[in-house]
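The values are calculated or read from the model by the stated rules, or taken from the named source; none is laboratory data. Keep in mind that what you see is a predicted model, and the values were worked out from it rather than measured. Here Cβ is always computed from backbone atoms with ideal geometry, including for glycine, and neighbour counts include all displayed protein chains.
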Amino acid sequence: TYYRHHRYVPHFYRYRDHSANTENLLPEVANPEPVVPQPGMPTYPEIPEVFHPEPEVFHPIPEAFHPVPGVVHPAPEPYQLPEVFQPVLDASSPVNANRVFYGIMFDAGSTGSRIHIYKFIQKDPVELPVLDNEMYHAVKPGLSAYKDNPEEGGNTIRQLLKIAKKTVPEEDWKRTPVVLKATAGLRLLPEERANALLKEVRGVFDESPFFVPNNSVSIMNGAKEGVLAWVTVNFLTGHLYSNTRRTVGILDLGGGSTQITFLPKSKKTVQSAPPTYIAQFNLFKNTYQVYTHSYLGNGLYAARLATLGALGAEGLDWKVFTSSCLPKKFREDVTFGGTTYKVSGIPDGYAGYKLCYYEVMKVIKGIVHQPYEVKGSSVFYAFSYYFDRAVESGLIDGSRGGAIEVRDFKKRAKEVCNKMTKYRAVSPFLCMDMTYITCLLKEGFGFKDTTVLQLAKKVNNVETSWALGATFDYFRNLNIH
Ligand SMILES: O=c1ccn([C@@H]2O[C@H](COP(=O)(O)OP(=O)(O)O)[C@@H](O)[C@H]2O)c(=O)[nH]1
């Protein structure tokens, strides 16, 4: 089931301790863009300046950070959250004594549409709001599958909005903003098709009882997608509140695009990166300069088609696209982004890891930039399809997630590809997917075999996705540039 309701009891505190902030507080920015009032725009609890932690000094990136190749990786950090972070189930949450406000964020992804309804509590006018819980629901397929029938696409959003009406109390509807951001699925569509879908969604929002801000329905650019997911994960793991400036990197593998974002420790990473791969933003009185990039067409489903040579092959509906990554006797129609392709294994040929690796390599080599620093020993949170495939292939437990090394993906990919019949029931694409993930991490980004990946679908009971970061961005502009 995709339906979840998380609640944790907020903990009261009087003064915000800079080094020991352990709650899900709405981050603050140093220079929020001036808000242009819109007619009928609701008001939100004011966040007074005075109770914000002291601005942290922005430490320049150390001149020489030379990760030593071949050094044994330190044991993965458990990333156990401090106790006060742990969700506690309590039916008598003192919400009545507090001002509560909500934010509704839609993620219109290439493989599905999802609604995130965040509930924030302003316990005291002089304190920052706390993220109380998230309601999450997902439907498949994504909006781009309705490129020839935008009205139907709009209906999927209408259905999801019903959940918002059940979750947000009626008296709050009018002041609760509803925002939709589309990612790779719509980026890959011809502009007029994407616009027709966005227009339809805008109509659905306008007929809803919620607050529809200007530009509430849009396609998000890839850099923002990466940054906002980084904000979500570092917020949920408590890294934005520590004064160590220690953060974690993120790896997001969607259906259409894939993102990598991390805070470089080395100046060389910044200097050797293409300029558009460096993004700067203010958050919680700190300025961050991150390495971020989104590769359009390198999401898992787009990569499948590229491996098969089928990406963008519209009008070739007679053609069967083959791959040695698929079981020899497999033959099926697959649909991505509203287009259907015939695919099959190579019936009288070879299948297996080596040939498959060679095939997927073509989708990665020369495309993915290798950041200088990933050879070092940072920890990366990996989610979305990284998580799903790690679960499917038995690398981790779906309910708990876990830390693995890059070489674990490789080992399991070999096993899956060389025993295709055994894994066929799980998914005929598992060999291709696992090989692609291995190749992307190693040959694409250049990670070492021993790099630790923390696989998580949720952190602190909240989905690891750009959606929470985007909600912060809405309430307090992050001013990303
Ligand atoms: O809150 C979320 C949002 C996404 N996902 C997963 O992340 C992947 C995102 O793929 P998407 O369709 O969004 O691809 P994109 O458009 O980003 O390429 C899918 O496996 C989703 O199930 C998730 O688990 N939780």
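A quick yes/no check of all residues on (1) among the small types (Gly, Ala, Ser); (2) within 13 Å of the ligand (Cβ to nearest atom); (3) under 22 Å from the mean Cα position of the chain (by Cα); (4) surrounded by fewer than 20 Cβ atoms within 10 Å (Cβ to Cβ):
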| residue | (1), (2), (3), (4) |
| --- | --- |
| 144 | yes, yes, yes, no |
| 164 | yes, no, yes, no |
| 169 | no, no, no, yes |
| 174 | no, no, no, yes |
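Do we have any residue at all in segment 379-389 that's polar (S, T, N, Q) and either surrounded by fewer than 18 Cβ atoms within 10 Å (Cβ to Cβ) or not in a loop (DSSP other than H, G, I, E, B) (or both)? The answer is yes; a qualifying residue exists. Can you say whether residue 212 is away from the ligand (no atom under 16 Å from the Cβ), touching a Pro at 6+ places or on another chain (Cβ under 9 Å), at pLDDT 95 or above and farther than 30 Å from residue 336 by Cβ, as far as the supplied structure shows? Taking the combined requirement at face value, the residue satisfies it. Against the numbered list (1) assigned to a loop (DSSP other than H, G, I, E, B); (2) touching a residue at least 12 places away in the same chain (Cβ under 8 Å); (3) of a type in the set (D, E, K, R), residue 199 comes up short only at (1). In segment 277-284, the count of residues that are within 30 Å of residue 389 (Cα to Cα) and either within 16 Å of the ligand (Cβ to nearest atom) or β-branched (Val, Ile, Thr) (or both) is one or more. Give the residues of segment 400-453 that are within 19 Å of residue 300 (Cα to Cα) and acidic (Asp, Glu), sorted by residue number. Of everything in segment 400-453, those that are within 19 Å of residue 300 (Cα to Cα) and acidic (Asp, Glu) turn out to be 408, 433, 443. Scanning segment 184-209 for residues that are surrounded by fewer than 18 Cβ atoms within 10 Å (Cβ to Cβ) and either among the acidic types (Asp, Glu) or modelled with pLDDT under 95 (or both) yields a total of 4. Within segment 185-196, restricting attention to residues that are within 20 Å of residue 155 (Cα to Cα) and part of a helix (DSSP H, G or I), the residue that is nearest to the ligand (Cβ to nearest atom) is 185. Out of the residues in segment 99-126 meeting the condition of being modelled with pLDDT of 95 or more and outside any strand (DSSP E or B), tell me which one is farthest from the ligand (Cβ to nearest atom). Per the criteria, the residue is 112. I want to confirm something. Restricting to segment 331-345 and keeping residues that are of a type outside the set (D, E, K, R) and modelled with pLDDT of 95 or more, which single residue is surrounded by the most Cβ atoms within 10 Å (Cβ to Cβ)? Out of the qualifying residues, it is 343.
Out of segment 295-330, which residues are outside any loop (DSSP other than H, G, I, E, B) and free of Cβ contacts under 8 Å to residues at least 60 places away in the same chain? Break it down stepwise before answering.
Here is the first cut: in segment 295-330, the ones outside any loop (DSSP other than H, G, I, E, B) are 295-296, 300-308, 320-322.
Those that are outside any loop (DSSP other than H, G, I, E, B) and free of Cβ contacts under 8 Å to residues at least 60 places away in the same chain: 305, 306, 308, 320, 321, 322.
Quick grid of which residues meet (1) surrounded by fewer than 24 Cβ atoms within 10 Å (Cβ to Cβ); (2) within 11 Å of the ligand (Cβ to nearest atom); (3) not hydroxyl-bearing (Ser, Thr, Tyr):
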site: 436; (1), (2), (3): no, no, no
site: 447; (1), (2), (3): no, no, yes
site: 453; (1), (2), (3): no, no, yes
site: 468; (1), (2), (3): no, yes, yes
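For segment 216-265, a residue qualifies if it is crowded, with 20+ Cβ neighbours inside 10 Å, away from the ligand (no atom under 16 Å from the Cβ) and farther than 19 Å from residue 454 by Cα, and the qualifying residues are 216, 241.
If you go through segment 214-271 one residue at a time, how many are outside any helix (DSSP H, G or I) and within 11 Å of the chain's Cα centre (by Cα)?
First, the residues of segment 214-271 that are outside any helix (DSSP H, G or I): 214-221, 237-266.
Retained after the next criterion (residues that are within 11 Å of the chain's Cα centre (by Cα)): 250-254, 257-261.
So the count comes out to 10.
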